[in-house]
1. Inside the stretch 1-25, can you point out the residues that are near the ligand (Cβ under 8 Å from one of its atoms), within 25 Å of the chain's Cα centre (by Cα) and open to solvent by 40 Å² or more (accessible area, probe 1.4 Å)?
2. If I go through the stretch 68-90 residue by residue, how many of them are open to solvent by 90 Å² or more (accessible area, probe 1.4 Å) and part of a helix (DSSP H, G or I)?
3. Read through the list (1) in contact with a Ser or Thr (Cβ under 8 Å, 6 or more places away or on another chain); (2) within 16 Å of the ligand (Cβ to nearest atom); (3) free of Cβ contacts under 8 Å to residues at least 24 places away in the same chain, then give the number of the only condition that Arg28 fails.
4. Which one of Pro90, Pro84, Pro51, Pro19 is in contact (Cβ under 8 Å) with a residue 12 or more places away in the chain and out of contact with any Asp or Glu (no Cβ under 9 Å at 6 or more places or on another chain)?
5. Considering every residue within the stretch 57-67, establish whether at least one is more than 16 Å from the ligand (Cβ to nearest atom), part of a strand (DSSP E or B) and either within 18 Å of the chain's Cα centre (by Cα) or among the aliphatic types (A, V, I, L, M) (or both).
6. Could you list all residues from the stretch 26-56 that are under 23 Å from the mean Cα position of the chain (by Cα) and part of a strand (DSSP E or B)?
Amino acid sequence: MATYEYRCPQDGSFDTTLPIGAAGPAARCPRCGGRATRVFSVPRLSRTPAPLRRAIDRAERSAETPDVVTRVPGRQPVRRSPNPAHARLPRW
Ligand SMILES: [Zn+2]
């Protein structure tokens, strides 16, 4: 699959994902249904580092279907020591 860019004269550009080689010179605009012409741009085959690619994908997914969380992200739950002497130690 590849992402192809089309431009509608009325609504501007939009992306369409199609099998490689299946993109025609024109497509139907998803907003107005009019004719949109294909825009040739740089392929999205850059060497994005894998961690960055995963972060970008996660951010894009969260816009559509955010993950359900049970606590504030980034904060660890408080762990209590089983040793009662630790409870008497000073807190900072
Ligand atoms: Zn349109």
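1. Listed by number, the list holds a single entry, Asp11.
2. 2
3. The number of the failed condition is (1).
4. Step by step, each of Pro90, Pro84, Pro51, Pro19 is checked, and only Pro19 is in contact (Cβ under 8 Å) with a residue 12 or more places away in the chain and out of contact with any Asp or Glu (no Cβ under 9 Å at 6 or more places or on another chain).
5. no
6. Val39
The values are calculated or read from the model by the stated rules, or taken from the named source; none is laboratory data. It should be emphasised that the depicted structure is a prediction, and the values quoted were computed from it without experimental measurement. Note: ideal-geometry Cβ built from the backbone for every residue, glycine included; neighbour counts use all protein chains shown. Each accessible area value is taken on the protein alone, full model and side chains, heavy atoms only, with ligands, DNA and RNA left out. Shrake-Rupley method; radii C 1.70, N 1.55, O 1.52, S 1.80 Å.
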